[in-house]
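Q: This is the structure I have questions about; it appears just below.
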Amino acid sequence: MLKFPVLIVNMKNYLEASGEKGVAMAKAAERVAKEFGVNIVVAPPTPILYSVVSSVSIPVYAQHVDIVKAGSTTGFISPEYVKSFGVCGSLINHSEHQLPVKRVKQTITILKDLGMATIVCAVDPRKTKVFAKMEPDAVAVEPPELIGSGIAVSKARPEVITDSVSAVKSVGSKSRLICGAGIVSGEDVRRALELGAEGVLVASGIVKAFDPEEKIREMAREIKRFL
C-alpha cells in the first residue's frame, strides 16, 4: 500500500540515474528512508527496474506500464511482468507520457486487479477532478510549464495545489493529492504539505542535484514533520 506523506523520486531517463548510478541513487533513498522513518518511493528508468528492486527494500514503481499481458507483447511494459519481480506500483499519465482518459482508467483497473499502487499525474485541478473519480491511490498534480524549471508549484502557483485538494474532496474520492513540478528544496516540500498536499513527486531536483542523497535528506526532513 502507498503510505503518506510520501516523497516519490522519479529518475526519468536521466543519464545521472543510468545503470549502477540509478541503483546507487535508490540505495541512497533507502538509507534516508530508514534514517528518518519516512515513506520514500523510487521510480527508476525501465531498463534498471529489476536491478533496483533487487537492491532495495523501499517501494519501487514503474514510470509507465502498458495495457498488455505478459507473453508475446514485444516492446511493451507489461504490468504482470514488472510485478513478477517486485515492482509494486506505477506512475500513470505523466505529462511527458500522457494517455487518453479511457486508457488511464483501464490502466488503473488493471493495476488494482494486480494489487499494485496507482499514481495518476494531472496537469491541472480540472484533470485532477476527472482522475480522482477513478479512485487511484493518489493524483499528482504537475503544471507542465513548471516541470524541470526549478520554480516550485508550491511557490509559483499555490492555488494549483489548494484547488486540486478541493477537487478531490468535491467528488468524494478516497484518492490522496500529491504534487510535483519545480520542487528543488526542503522549503518547497514543506510549503506543498502546508497547502494540503500529502506528498511530492520530484525528478531533476534530486537526480541532477550535486549530492542527490543530501537533497533527498533535505526533503525527507520536511516529510517527517508531517508524520
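Q: Expected output is a single nm value to one decimal: the length gained when fully extending between THR73 and ARG126, i.e. 0.36 nm times separation in residues minus the C-alpha distance. What is it?
A: Numbers: separation 53, 0.36 × 53 = 19.08 nm, distance 3.42 nm.
Separation in residues times 0.36 nm, less the Cα-Cα distance, equals 15.7 nm.
Q: Looking only at the range 35-74, which residues have a backbone nitrogen under 18 Å from a spot 7 Å from the Cα of LYS21 in the C-beta direction?
A: 43-49, 51-52
Q: What do you get for chymotrypsin sites (Phe, Trp or Tyr not before Pro) in the range 124-227 restricted to DSSP loop and a cutoff of at most 10 other Cβ within 10 Å of the site's Cβ?
A: Numbers: sites: PHE131, PHE210, PHE226; in loops: PHE210, PHE226.
Of the chymotrypsin sites (Phe, Trp or Tyr not before Pro), the ones in loops of the range 124-227 whose Cβ has at most 10 other Cβ atoms within 10 Å are PHE210.
Q: Now for a separate question. Let's test the formula: R0 of 30 Å, r as the Cβ-Cβ distance of ASP113 and ALA156. What FRET efficiency results, to the nearest 0.05? Intermediate values should be presented prior to the final figure.
A: Numbers: r = 38 Å, r/R0 = 1.27.
Rounded to the nearest 0.05, the efficiency is 0.20.
Q: Excluding VAL38 itself, calculate the net charge of residues whose Cβ lies under 11 Å from the Cβ of VAL38, where each Lys or Arg counts +1 and each Asp or Glu counts -1.
A: Working: positive: LYS3, LYS34, ARG217, ARG221, LYS224, ARG225; negative: GLU35, GLU222.
That works out to +4.
Q: Taking Cα centroids, how far is the range 17-84 from the range 152-227 in Å?
A: 21 Å
Q: Checking the table LYS27/LYS208; LYS105/LYS169; LYS12/LYS169; LYS155/LYS208 against a 23 Å threshold on Cα-Cα, which pairs fail? Before the final figure, lay out each step's value.
A: On the way: LYS27/LYS208 16 Å; LYS105/LYS169 19 Å; LYS12/LYS169 30 Å; LYS155/LYS208 20 Å.
Exceeds cut-off: LYS12/LYS169.
Q: Which one, PRO136, LEU146, GLN106, projects farthest toward the positive side of the charge dipole computed for the range 103-170 from Cβ point charges (K/R +1, D/E -1)?
A: Result: GLN106.
Q: Take GLU213 and VAL171, extend 7 Å from each Cα along the Cα→Cβ direction, and tell me the distance between the two endpoints in nm.
A: Result: 4.1 nm between the two label points.
Quick note: the coordinates plus some simple rules give every number you see, no bench work behind them. What you see is a predicted model, and the numbers here were worked out from it, not measured in a lab. A quick note on method: Cβ atoms are made from the backbone with ideal geometry, for glycine too, and the neighbour counts reach across all protein chains shown.
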